[in-house]
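The values are calculated or read from the model by the stated rules, or taken from the named source; none is laboratory data. Computed from a predicted model, the values in this text were never measured in an experiment. Every residue, glycine as well, gets a Cβ built from its backbone with ideal geometry; the counts of neighbours run over all protein chains shown.
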Amino acid sequence: MTTETLRATVTTRRTGVITWARVRPLVTHVVLAGSALVMLYPVIWMVVSSLRPGNEIFRDPGILVKDLRIENYRVGWNALTEPFTRYLLNSAVVVLGSILGNLVSCSMAAYAFARLEFLGKKFWFAIMLLSIMLPIHVVIVPQYILFSHLGWINTFLPLIVPKLLATDAFFVFLMVQFIRGIPRELDEAARIDGCGRGSIFLRVILPLMVPALATTTIFTFIWTWNDFFGQLIYLTDPHMYTVPVALRGFIDSTSSSSWGSMFAMSVVSLVPVFLAFLLGQRFLIKGIATTGIK
């Protein structure tokens with residue numbers, strides 16, 4: 001009798017373990033899906049609001065559309081002083097210039113810190129790391145005065161030229177960490193073959209830095225495309241506005257605001273960021289992983 005009871009208890013426990021092992025993945029996926037829905041709810045609500053009449057956007061916090069208004073996109077595209085195409089092109093110019101500047105300047109600076117020996121190398125590297133903690137609001141006034149004397153206000157130059165000078169210390173540090181993980185034996189082999197510093201950088205180091213370069217490209221794209229403060233400071237002509245500054249034009253504190261059109265154009269502005277992250281996700285994860293373990 002005792003033996004049968006013991007067997008029944010063991011069988012029950014095994015059944016319970018097997019049942020929980022089968023249910024656990026389902027519970028995990030349900031929790032993850034719920035968490036993802038909570039985080040994505042603001043984006044979903046914005047997309048839904050772009051399809052609603054303006055007087056119903058803030059009345060209903062739900063995500064069901066009762067009165068579909070596709071014309072919010074047509075009205076929003078031509079609601080400002082320029083067609084929204086102009087602002088997309090302006091943002092594209094700033095983003096492409098910033099990406100090119102960061103890729104060229106940050107990779108060269110990182111190669112110098114990681115491979116070359118020069119006077120005060122550790123000191124300047126420490127200064128570079130300290131600049132990461134320096135808020136942009138501290139330097140925005142002297143930068144504005146400098147660019148004003150140069151006659152660069154209301155142009156794209158203040159937003160692009162600093163990128164050509166390796167001012168984004170985060171990307172320099174990221175590339176330095178990546179280059180330090182590349183064996184120095186490759187440099188020695190290239191030097192034996194007659195390569196100089198420049199040839200080693202272009203033919204050996206740079207091709208191996210693709211994950212770090214891709215990470216820099218994606219982060220630069222997202223941060224520059226979404227930048228509002230810097231572009232608002234330097235761009236004063238509506239013809240030169242970028243997407244973030246143009247979206248501000250839909251909100252008027254003295255009269256009615258066009259919320260439906262603003263949400264519609266906000267959805268349009270998110271499409272390039274979503275595509276950049278979707279297409280570069282593999283390189284982004286690889287770049288962060290490979291630089292973080294060195």
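So here's what we get for this one:
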{"read-out": "Condition check for Leu103: closer than 26 Å to Arg191 by Cα and either in the same structural domain as Ile233 (by TED's automatic domain parsing) or surrounded by 14 or more Cβ atoms within 10 Å (Cβ to Cβ) (or both)", "value": "yes"}
{"read-out": "Region 132-169: number of residues that are touching a Ser or Thr at 6+ places or on another chain (Cβ under 8 Å) and not β-branched (Val, Ile, Thr)", "value": "8"}
{"read-out": "Residue check for Ala214: touching a Leu at 6+ places or on another chain (Cβ under 8 Å) and in a helix (DSSP H, G or I)", "value": "yes"}
{"read-out": "Selected residue (only one of Asn90, Asn72 is within 22 Å of the chain's Cα centre (by Cα) and touching a residue at least 60 places away in the same chain (Cβ under 8 Å))", "value": "Asn90"}
{"read-out": "When residues of region 101-148 are limited to those that are without any contact (Cβ under 8 Å) to a residue 12 or more places away in the chain and in a loop (DSSP other than H, G, I, E, B), the one nearest to Leu174 (Cα to Cα)", "value": "Met133"}
{"read-out": "Test for Ile222: is it buried (at least 20 other Cβ atoms within 10 Å of the Cβ) and either outside the structural domain of Leu270 (by TED's automatic domain parsing) or touching a residue at least 12 places away in the same chain (Cβ under 8 Å) (or both)", "value": "no"}
{"read-out": "Conditions (1) closer than 20 Å to Gln177 by Cα; (2) out of contact with any Leu (no Cβ under 9 Å at 6 or more places or on another chain); (3) of a type in the set (A, V, I, L, M, F, W, C): number failed by Val141", "value": "(1)"}
{"read-out": "Unique residue being aromatic (Phe, Trp, Tyr) and surrounded by 14 or more Cβ atoms within 10 Å (Cβ to Cβ) when the list is Phe123, Phe201", "value": "Phe201"}
{"read-out": "Any hit, region 152-165, residues being under 26 Å from the mean Cα position of the chain (by Cα), assigned by TED's automatic domain parsing to the domain that holds Ile136 and either among the basic types (Lys, Arg) or modelled with pLDDT under 90 (or both)", "value": "yes"}
{"read-out": "Sole exception among (1) more than 22 Å from Met265 (Cβ to Cβ); (2) in contact with a Pro (Cβ under 6 Å, 6 or more places away or on another chain) for Tyr234, by number", "value": "(1)"}
{"read-out": "Qualifying residue in region 239-258 (condition: assigned to a helix (DSSP H, G or I), of a type in the set (Gly, Ala, Ser), without any contact (Cβ under 8 Å) to a residue 40 or more places away in the chain and exposed (fewer than 13 other Cβ atoms within 10 Å of the Cβ))", "value": "no"}
{"read-out": "In region 39-71, the residues that are assigned to a helix (DSSP H, G or I) and charged (D, E, K, R)", "value": "Glu56, Glu71"}
{"read-out": "Sole residue being at pLDDT 90 or above, out of contact with any Cys (no Cβ under 8 Å at 6 or more places or on another chain) and closer than 21 Å to Met108 by Cα, chosen from Thr216, Thr220, Thr242", "value": "Thr220"}
{"read-out": "Gly194, sole failed condition from (1) in contact with a Ser or Thr (Cβ under 7 Å, 6 or more places away or on another chain); (2) not in a helix (DSSP H, G or I)", "value": "(1)"}
{"read-out": "Members of region 56-77 that are modelled with pLDDT under 85, surrounded by 10 or more Cβ atoms within 10 Å (Cβ to Cβ) and either in contact with a Pro (Cβ under 8 Å, 6 or more places away or on another chain) or polar (S, T, N, Q) (or both)", "value": "Arg69, Asn72"}
